[in-house]
Amino acid sequence: MSFSPSLNRYASHMLTKKLPPLQSFLSRFSRHTSHLARQQYDVIVVGGGHAGTEAAAAAARVGAETLLVTQKIQTIGALSCNPSLGGVGKGHLVKEIDALDGLCGRAGDWAGIFFSILNRRKGPAVWGPRAQLDRQQYREFIQSELLSTPRLTVLEGSVEELLVSEPNPEEPGHHRVTGIHLANGSQPISASSVVLTTGTFLSGSLFMGQSTSPGGRIGDAPSSAGLSWTLRERLGLRTGRLRTGTPPRIVKDSVDLSLVEVHPPDSHPTPFSFLNKNIRCKEDAKGPRYCPSIESRVLRFPGRQHQVWLEPEGLTSDLLYPQGLSMTMPPDVQLRLIREIPGLHRAEIHTPGYGVQYDFVCPTQLSPALQVKSTQGLFLAGQINGTTGYEEAAAQGLWAGVNAARWALSMPAVALSRTESYIGVLIDDLVSRGVTEPYRMFTSRAEFRTSLRPDNADLRLTLKGFEEVGCVSALRYQEAVRVRDSLQDAMAALQALTLSTPIWRKKLPDMRMSENKNTLVNGMEVLQYNDVSFEMLASAFPECLSSHKEFAQRIKIEAVYRPHCQLQKKEIERIQKEENMSLPQDIDYFSLPVSLSQEVREILDRVRPTTLGAATRLQGITPAAIVHLLNYVRHRGQEERRTHRQQPEKREEREEELAARNASLPQ
């Protein structure tokens with residue numbers, strides 16, 4: 001069964017549709033919200049950034065009547081800092097968000113002006129899809145999508161406080177959130193669940209040099225003080241303070257681009273969304289790079305060079321964003337520093353860089369559903385949980401929105417395992433380990449990254465998103481089923497294509513297969529050779545393989561990673577089975593006769609986890625360390641059981657020796 005024609009029509013429409021002009025959108029928006037008739041919703045989402053927009057859209061997709069409340073309608077979906085999306089680790093999150101029918105991947109394809117795959121020299125498991133974006137087009141796409149989403153209403157306003165009542169005695173928790181109160185003194189708005197996505201606005205403070213002012217983003221006020229008070233005093237949540245920063249924006253015409261090294265985009269752009277085969281914009285942007293030494297990096301890494309990438313803020317923007325040049329120094333010092341960089345000796349600053357300090361809630365107080373454990377109906381997502389970055393915020397927002405909707409509709413919560421997704425890794429790290437600094441996703445955080453690749457996010461998550469979670473459209477689900485079935489058919493055809501090595505060498509003369517090898521080899525095994533592509537096999541065996549050329553790259557990746565994934569699957573099953581294995585509390589980790597780094601030994605000795613599962617969630621504990629620890633504890637258990645079985649025989653021997661000794665004593 002094939003659904004590609006309808007999907008291709010949809011994808012083509014997504015990349016060729018015309019968004020309404022921003023002023024037209026705002027006019028429609030005002031009409032849309034000025035008649036806010038209802039005062040009761042299933043879900044209320046507070047905040048219109050990356051976490052808030054994904055949360056609101058996801059809650060509505062699940063079936064909840066949803067209200068999104070934001071301070072300014074013009075900034076919904078704004079790229080507050082860098083004009084880019086994705087990257088190493090972060091690109092994985094974008095692909096997974098898209099696989100669950102989120103917004104940011106399609107928005108990135110719409111607004112992208114420079115696409116590249118980072119880490120291309122390494123294996124596909126750690127490739128990082130990334131795009132530079134046009135700020136205005138990204139924002140307009142997100143706003144248009146939200147306005148046209150069924151069951152979703154958007155309201156401009158500032159939330160003064162949460163409505164809190166006694167908890168439902170049949171559910172865990174000390175409090176229950178029942179809605180919000182706006183700062184304009186209007187009637188309270190009730191809801192079964194509330195998602196807070198306040199970003200850097202919760203008691204936010206901007207600083208530049210020695211001067212400070214309240215705010216979560218330049219030009220915007222912080223969130224209401226009443227909201228912070230409710231979280232700390234009324235709900236008793238532990239909060240902390242984090243800090244982030246943004247670079248100055250540079251006037252493009254003041255930069256001498258002849259003195260820089262140019263980096264072009266990929267010749268064949270790779271879209272973020274599984275629904276898109278192409279991107280919308282024709283790429284003509286360039287990415288010059290520099291090597292400055294700046295502020296805190298100089299203190300932490302003296303003597304090194306530091307790259308800065310000048311990125312355009314949009315196709316029609318006259319500003320450049322210096323990626324990697326965040327600074328909070330006084331404006332005059334910022335200008336002096338920038339002009340020390342080759343090519344920027346006459347640069348002019350349009351907007352100086354600045355720092356932001358803001359409150360966050362310690363995320364260990366959350367469940368894997370991103371619900372506050374002590375408060376029924378309250379969910380948190382984004383920087384309020386101690387993370388940094390658009391992608392981390394969007395991933396949390398989607399999952400919090402899903403579970404807030406399911407809570408409101410009396411459906412059970414759902415969770416994502418760290419063995420099946422980077423979103424699961426992100427959430428598990430937050431709720432089980434907490435944060436000491438803003439959390440950023442890296443591929444090294446995932447124990448099973450050969451299985452969690454950007455290319456297979458749809459196979460890992462779309463089917464679950466439709467069948468179990470309820471946040472994926474039928475159209476996307478049908479396409480994922482088509483892709484899954486096609487890949488399975490292709491791999492079955494390759495497995496069935498079993499030939500002797502001499503015949504393979506004859507069919508593929510350019511393949512570097514050993515002359516001494518004379519065995520039967522199937523097509524999947526042949527495709528694992530670096531110099532063999534699926535297109536080569538399809539040309540040699542068109543009758544059985546040519547129909548699968550649509551997925552040539554994915555089939556190649558599946559073939560290369562299949563042996564690793566099979567071993568990893570067994571390891572996953574083994575660790576999951578043994579997660580509750582007790583770790584003896586008398587272990588001397590420093591003298592443990594296994595291969596563990598000194599850092600790992602120190603962490604284990606300091607925390608002394610009680611189970612293997614608890615050890616896997618410790619910051620700094622590697623997958624290899626867990627395997628070594630599992631083998632040691634299992635071996636030790638076997639030794640103890642063997643000793644226990646031998647004890648009766650040894651006891652009888654000791655009794656006989658004692659009896660003989662007693663018999664020899666004088667009476």
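Assorted remarks:
- Restricting the calculation to alpha carbons of segment 86-125 gives Rg and Dmax of 10.7, 30 angstrom.
- Neighbours of Ala490, meaning other residues whose beta-carbon lies under 13 angstrom from its beta-carbon, give a summed charge of +1 when Lys and Arg score +1 and Asp and Glu score -1.
- Per-residue surface analysis assigns Trp229 an accessible area of about 140 Å², computed on protein heavy atoms at 1.4 Å probe radius.
- Relative contact order of segment 68-131, defined on C-alpha pairs under 8 angstrom at six or more residues apart (%): 36 percent
- Protection proxy ranking of 514-521, 538-545, by the mean of other Cβ atoms within 10 Å over each peptide's residues and highest first, is 538-545, 514-521.
- Computed over protein heavy atoms with a 1.4 Å probe, the carbon and sulfur contribution to the accessible area of the chain reaches 50%.
- Probe 1.4 Å, accessible area per residue of segment 475-545, Å²: 52 Å²
- For segment 119-163, accessible area per residue (1.4 Å probe, heavy atoms of protein chains only), Å²: 39 Å²
- Ranked packing of 157-163, 196-202, 344-350, 566-572, most packed first, by mean Cβ within 10 Å: 196-202, 157-163, 344-350, 566-572
- Other-chain or far-sequence residues with amide H under 5 Å of Val45's (modelled H): Leu67, Leu68, Val69, Val195
- The order of the peptides 416-426, 446-456, 619-629 by mean Cβ neighbours within 10 Å, most packed first, is 416-426, 446-456, 619-629.
- Of the whole protein surface, Asp256 contributes about 50 Å² of accessible area at a 1.4 Å probe radius.
- The solvent-accessible area of His306, taken with every protein chain present and a 1.4 Å probe, is close to 10 Å².
- Gly245 long-range amide H proximity, modeled H, under 5 Å: Val356
The values are calculated or read from the model by the stated rules, or taken from the named source; none is laboratory data. Please read these numbers as outputs of a predicted model, since none were measured by experiment. Methodologically, a virtual Cβ is constructed for each residue, glycine included, from the backbone with ideal geometry; neighbour enumeration extends over all protein chains shown. Only protein heavy atoms, including side chains, enter the accessible area calculation; ligands, DNA and RNA are left aside. Shrake-Rupley method; radii C 1.70, N 1.55, O 1.52, S 1.80 Å.
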